Each structure stands twice: as C-alpha cells, then as structure tokens.
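Asks: First the structure, which I've put down as structure tokens, then a few questions once you've had a look.
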Amino acid sequence: MDESNNIHQAVEGLSNAQVADILFNCLKDILFSPDSARIEYERLPKAFKQLGEGLDYLLQCVNENRCFVTQLSQGNLDALPPSIENPISAPAKELQGSLRHLAWQTKQIARGDYSQRVDFMGGFSEGFNSMVSQLAERTSKLEDARSDAERRNKELSQIQDLFLVVMNNSPDYLVVLDLETNGEYLMNDIAKTLKETNPALPHAVRKELFAHSQTYRTVNSRWDLSVSVPDLNNPSCMVEFHFNILTYPMLWGMRQAMVHIISDHTDEVEKERALMFDANTDPLTNLFNRRYATEKLDSWLQQDIQFCITLIDIDHLKYCNDSFGHEKGDTYLHNVGKFLSTYLEDSVLCRMGGDEFLLMTKNISVPYQDEQLEALRSRFTKEGIEGSSLVEALPFPQSFSFGTSEHLPHSGITSSALLKEADVRMYRYKSQFKPPLGSTINYRETRLS
C-alpha cells in the first residue's frame, strides 16, 4: 500500500514534515477518493493522533454527506438525512427541504393551483415562476375554450333535439340523397311511412329528384313536381300527385348530397282545379263558359295565329221552353252540346249563354269548317227526330244555325270584330235555313190550358 493509504507505516523515527506530508495525502484522499481513504490514527505518533482522529471524523462526515447527496441526485427526496452531529450536511439538508417543498408545489400546480411561486432558488425560481404563470394563462384559455365548447355542444344538442322534433313532426317529407348515387342518407318519419305504405310513389318521386339534382347541383331551387302512380285500391287506375319541392346542396360527411323538402300540394291543386273548372265551366252543359271563351280568344289573338270561330245559335229553343217546359229546353241544350263535342278533338267549344255556343278551331279554313258543321247539323236534325245515344228525341225539328269568321296572322282584327262578323253570318244563315215548325206549333200557353 502507498503512503497515503497506510498511515500505520508511520513510525516515531519520521520527522514532523514527513508525518505532515502523510496526513496531507490522507486529506486529499478524503476529498477526492473518500471510498478508498483509510485513516489509522491510532498508529500515528502521539503528537498527531488528535489530528488523525479529526481527519477520520471528517472522512465519516464526508462519506455520510456524499451518500445522502447521491440519493438526492437520484430523486430520492425522502432519503434519511445525516445525523445532526454532521456539521457539513446542513446545506444538503436545506436542499432536501427545498426540493421536497418544490415537489409539493409541483403537485399543487398539477392539481390546478397556479398561485405557487418559488423564491429560494435564484435563476431557477424566475424560470419556474414564469412557467407557472404561462401555465395559468394557458389553462385559463383552455378553460374558457372548454366552457365555450361545452356551451356549443349543449346548443348543438338542443338544436339536434329541435331538428328531430321539427323533422319528425313536419307535414313535409324530408329526404337527403347522395348526389352521385341517389343513395339515401336520411328520411324523416313521414317519408319512411310513405315508403312502407305506398312504395311506388316515393320511387317515382326519387327518380325525378335525382334528375333534377343533376341539373341544379350547386344551387338552391324551388320547383313543382307532378307524378302519376297506380291507385293502391285499384292498380289499373292512375292517381296524380302534386308536390312543391325545396332542394339545396350540402356536404354529408365527405360526400356531396342534396336535401329535398317535399310538400304535398295535391289537395290544393285539386281544389284549385275544381275552382278553375267552376269558374270556366257552364254548369248546365259542362262545356266551357263565356269567361273561358273570352280568355282563349284573347290568348289566340296575342299569339297571332290562324284560327276560325263559329257562333252557333240553337233554333226554336224558346219554342221548346214555352211548349214543353224548361226541363225539355235543358235537354235540348244538352243534345246540342254533346253533339257538337264530337267535332274535332282539338277544337274549343263554349256555351256563351242562353241558346248561343262558340266553336274555336286552329288551322281550319272557313269553307272547311262550314262544310263540316253543315254535315254535323244534318245528322243532328235527323237524330233529333229519331233519337240516338247522343241525342234525345224531341217533338219538333232540332237544329242550329251558325256563322264563321277567320283570323289570319298580321291581320290586326280584334275579338269584337271577329265575333260581330260571325254573328252577322250566323243570323244570315238562320234567316235562310232555320227549319219551320209546321202547323203543329204548341205554344206554352195552349199546353198549360
């Protein structure tokens, strides 16, 4: 062993300087190699034994403090500190206390207590306190964001609940379909029920929705749709349905979809048609009335197309009413109306009132119209005597007189002029061809007596 580690080699014959040198080397070992340092002070010369004992005590304190500090450096803040007799351990003990307090403060911060501050660790304190302040600020912002998110989520939940209530209690059908595949994303309850009870109708509507969506892919649109499907109770008959639809695009997840809000206006359309029918129909003959005739005549004049109008006046209607009663007069009107209705399919026949009718036809010349009406009149007169499926026989010659006028494009003629011309020709015809009643005239006064 070398001199520094084997003080027992010291002998009484060494000089003081040599002993001091040996003790100095022991002190160096205490400071730099405490694990291997050994001081056998009992073998020192008597004059140096007390110093050796002091160095041995110092070695014990250094090793004890070194072990304690090592545990602290490894994170064991609960390490058993050196005894109170160790005079060099006080700073390490203070460090342990500070670190344990710092650990406690860190736990408090982790629990959200950002009031913790450190004022005993110099520059670390400044950095630590700045970090805590930033954490407090960021946590406050996060808390505000969390509160805002909770509020938004609550609002969204309420909106969702409201949407479901409105959607499933709405009288309208709501359907969300994929723009490309026409696949179904969403239906409200009423639409689901219709799909189950009358599948042909939503199938027909869905085809039209898809076709419409291909045209209006990126814009909102409001449009009307009419479809016909077999009657559920009588499949051989078709039933017409009418819808008003609001369509608008939206993203459904990552897919482009179309939302369709479909209102069933079938009842409204039928009511409107019924009102229009009543407004434009003569209740006795079920032909169009004067109002409709006036509108149609004005429309054709605005279009400036070629057409003919014929005024038709029933012969002997007053005689029929006076002689046989108004019930037979109504029968006479029905006979004329039904018979004239067999004329060209695309013609328009109206009862102008009383014993007068108006016949309107496109793309027909005056001579051709008069020729056809003359043939029709002859058949009517014959069937009026003999009776037929269209004409009920009456005991007098049933016939009508007529006069035709024509509108040519760019002629500038007015509706009143056309009607006047037809009226003049009709009365001219009546004066020449109205069939006589003969000697068997039965006036209403004679019949009633």
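Readers should treat all values here as calculations from the given coordinates under stated rules, not as data from a laboratory. Bear in mind that the values here come from a model prediction, so they are computed numbers and not experimental data. Cβ atoms come from the backbone with ideal geometry, glycine included; neighbour counts cover every protein chain shown.
Asks: Say each of LYS154 and LYS141 gets a label point 7 Å from the Cα, pointing the same way as Cα to Cβ; how far apart are those two points in nm?
Replies: With each label placed 7 Å out from Cα toward Cβ, I get 2.5 nm.
Asks: For the Cα atoms of the chain, what angle does the longest principal axis make with the long axis of helix 16-32, in degrees from 0 to 90, nearest 10?
Replies: On a 0 to 90 degree scale, this one is about 10.
Asks: Give me the orientation-averaged projected area of the Cα convex hull of the range 284-362, in nm², one decimal.
Replies: 5.0 nm²
Asks: Over the range 252-406, what is the relative contact order in whole percent, taking alpha-carbon pairs under 8 Å and six or more residues apart?
Replies: With pairs under 8 Å counted, the relative contact order is 28 percent.
Asks: Follow-up. Measure nothing fancy, just the Cα-based angle from helix 415-433's long axis to the longest principal axis of the chain, in degrees from 0 to 90, nearest 10.
Replies: Orientation of helix 415-433: about 30 degrees from the principal axis.
Asks: Let me ask you something else. Among LEU174, SER33, CYS61, pick out the residue whose Cα is farthest towards the positive end of the charge dipole of the chain, where Lys and Arg carry +1 and Asp and Glu carry -1 on C-beta, about the Cα centre.
Replies: It is LEU174, whose Cα lies furthest towards the positive end.
Asks: Please tell me the relative contact order of the chain in percent, rounded to the nearest whole number, where contacts are Cα pairs under 8 Å and at least six residues apart.
Replies: 8 percent
Asks: Under a 10 Å cutoff between Cα atoms, tell me which one of GLU268, GLU150, GLU126 has the largest fluctuation in the Gaussian network model of the chain.
Replies: So, out of GLU268, GLU150, GLU126, the one fluctuating most is GLU126.
Asks: Please compute the contact order of the range 231-309 in relative form: average sequence separation of alpha-carbon pairs under 8 Å and at least six residues apart, divided by the residue count, as a percent.
Replies: 18 percent
Asks: Could you work out how far apart the two model spin labels at GLN432 and GLU268 are, taking each label as a point 7 Å from the Cα in the direction of the beta carbon, and quote it in nm?
Replies: 5.5 nm
Asks: OK, next. When the chain is modelled as a GNM with alpha-carbon springs shorter than 10 Å, which of THR215, THR197, THR70 fluctuates the most?
Replies: It is THR70.
Asks: Pick from VAL19, VAL229, VAL132: which is most flexible by mean-square fluctuation in a GNM of the chain where alpha carbon atoms under 10 Å apart are linked?
Replies: Its mean-square fluctuation being the largest, the pick is VAL19.
Asks: Let me ask you something else. For the chain, list log₁₀ I(q)/I(0) at each q in 0.07, 0.11 Å⁻¹, using the Debye formula over Cα point scatterers of equal strength and ignoring solvent, two decimals each.
Replies: -0.72, -1.03
Asks: Can I ask one more? Would you compute, from DSSP H runs of 4+ residues alone, the mean residue ellipticity of the chain at 222 nm, taking -39500 (n - 2.57) per run and dividing by the full residue count, rounded to the nearest 500?
Replies: -17500 deg cm²/dmol
Asks: Here is a follow-up. Under the 0.36 nm per residue contour assumption, what length would be gained going from the current alpha-carbon distance of TRP104 and ASN234 to full extension?
Replies: Net length gain for the segment: 38.3 nm.
Asks: May I pose another question? Which angle between 0 and 90 degrees, to the nearest 10, do you get for helix 90-110 versus the longest principal axis of the chain when only C-alpha atoms count?
Replies: Taking Cα atoms only, the helix is inclined about 10 degrees.
Asks: For the cross-link pairs LYS338/LYS362; LYS107/LYS141; LYS328/LYS430; LYS362/LYS420; LYS296/LYS382, which exceed 28 Å when the distance is taken from alpha carbon to alpha carbon?
Replies: Beyond 28 Å: LYS296/LYS382.
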